[in-house]
Structures are given as C-alpha cells and as structure tokens.
Amino acid sequence: MNLIKIFSIGFLTLETANVIALYFFPETKYANSIGIFKAWEKSKSDPEIHNFVKYLVNWVAGTKLIFILLLIVILLIADDQAMILAGAALTVSIASFFWRLFPLIRKMDRDGQIDPKNYSTALGWMIGIFILMFLAAVIVMLLQ
C-alpha cells in the first residue's frame with residue numbers, strides 16, 4: 001500500500017466523521033461540525049435563516065459524501081499513475097481551504113464568533129499538515 005492510499009484513508013476517516021456530524025449531530029463541536037459557530041444558535045431565532053443555514057450545512061455534507069465515495073472508488077481501482085494524479089488533485093482541492101474558508105473562519109475566530117477560541121488555528125494546522133502529507137506522498141511516488 002502506497003503513502004497516498006494510507007493518507008487518503010486517514011483523510012476519508014476524518015471526512016466521514018465530519019459528514020456524520022453534519023447530517024446527524026450538527027450542533028456538536030466535534031468532527032468540525034457546525035456547532036463551533038455561535039451563529040448556529042443565533043440562526044434558530046429566525047426560522048427562515050435557520051432553514052437556509054441547515055440547507056447549506058446539508059449541501060456541504062452531501063458534497064463531501066460525493067467526494068468521499070469517489071475517493072473510495074479511486075482507492076479500490078486506481079493504478080499507481082492514477083493514484084499520483086488523485087494525490088495531486090487532493091492536494092490542490094484541500095489547499096483551496098486557504099483561499100476563501102480560512103480567511104473567513106480566522107476573522108470569525110478573532111471576532112469571538114467561534115467556540116472554542118483559536119479553533120481556526122488548529123483547523124488551519126490540521127489542513128496544512130494534510131496538504132503537506134499528500135504533497136510529500138506524490139513526490140515520493142514520482143521519485144520511485
């Protein structure tokens with residue numbers, strides 16, 4: 001089993017936990033669920049806004065589910081060349097977090113809208129480590 005497959009399984013585990021949390025336990029503060037955002041509770045005071053937020057949460061969960069299932073198929077049938085391309089695609093797609101999402105969650109964290117405080121920093125490090133892991137795995141496989 002190559003490094004990309006090993007790291008993908010770890011990534012799949014985290015993403016699956018996130019999808020389960022988003023679908024069934026959105027209020028939790030674990031598994032990167034929506035409960036970390038103070039606005040989740042505030043949205044409940046306006047049913048129209050809360051329904052919109054729930055729709056977006058479920059949309060994210062559904063999109064992640066598609067991503068998870070496609071990655072499982074890739075892991076089951078891909079040869080080494082396809083795994084290198086999948087690893088590169090994972091690196092780029094995960095890195096997109098730092099384009100729009102990280103600046104936004106960091107701002108909300110600084111403004112006291114996230115609980116626990118400094119969650120954005122921990123999330124940024126976790127995602128950054130996954131990017132580096134996939135990048136390293138792609139390089140290792142290319143050099144073999």
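The values are calculated or read from the model by the stated rules, or taken from the named source; none is laboratory data. Small disclaimer: the values here were computed from a predicted structure and weren't measured. Here Cβ is always computed from backbone atoms with ideal geometry, including for glycine, and neighbour counts include all displayed protein chains. Heads up: the accessible areas ignore ligands, DNA and RNA and are worked out on the full protein's heavy atoms, side chains in. Shrake-Rupley method; radii C 1.70, N 1.55, O 1.52, S 1.80 Å.
Could you grab me the full set of residues in segment 69-81 that are surrounded by fewer than 16 Cβ atoms within 10 Å (Cβ to Cβ) and either aliphatic (A, V, I, L, M) or not in a helix (DSSP H, G or I) (or both)?
Taking segment 69-81 and keeping what is surrounded by fewer than 16 Cβ atoms within 10 Å (Cβ to Cβ), we get 69-70, 72-73, 76-77, 79-81.
LEU69, LEU70, ILE72, VAL73, LEU76, ILE77, ASP79 - these are the residues of segment 69-81 that are surrounded by fewer than 16 Cβ atoms within 10 Å (Cβ to Cβ) and either aliphatic (A, V, I, L, M) or not in a helix (DSSP H, G or I) (or both).
How about segment 98-144: which of its residues are assigned to a helix (DSSP H, G or I) and charged (D, E, K, R)?
Initially, segment 98-144 is screened for residues assigned to a helix (DSSP H, G or I), giving 98, 101-110, 119-143.
ARG106, LYS107, ASP109, ARG110, listed by residue number.
A quick yes/no check of all residues on (1) in contact (Cβ under 8 Å) with a residue 40 or more places away in the chain; (2) surrounded by fewer than 15 Cβ atoms within 10 Å (Cβ to Cβ); (3) under 23 Å from LEU90 (Cα atoms):
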residue	(1), (2), (3)
GLU15	yes, no, yes
LEU22	yes, no, yes
ASN32	yes, no, yes
GLY35	no, no, no
TRP40	no, no, no
LYS44	no, yes, no
TYR55	no, yes, no
note = Per the filter on segment 113-141, residues without any contact (Cβ under 8 Å) to a residue 12 or more places away in the chain and under 23 Å from GLU41 (Cβ atoms) are LYS117, ASN118, ALA122
Criterion: open to solvent by 40 Å² or more (accessible area, probe 1.4 Å) and at negative phi - qualifying residue of VAL138, VAL60 = VAL60
message = If I filter segment 26-37 for residues that are part of a helix (DSSP H, G or I) and more than 20 Å from GLY124 (Cβ to Cβ), do I get at least one hit?
response = no
query = So, of the residues in segment 93-131 that are among the aromatic types (Phe, Trp, Tyr) and surrounded by 15 or more Cβ atoms within 10 Å (Cβ to Cβ), which turns out to be farthest from THR28 (Cα to Cα)?
reply = PHE130
ask   = Any residue in segment 82-89 that is of a type outside the set (A, V, I, L, M), open to solvent by 40 Å² or more (accessible area, probe 1.4 Å) and under 18 Å from the mean Cα position of the chain (by Cα)?
value = no
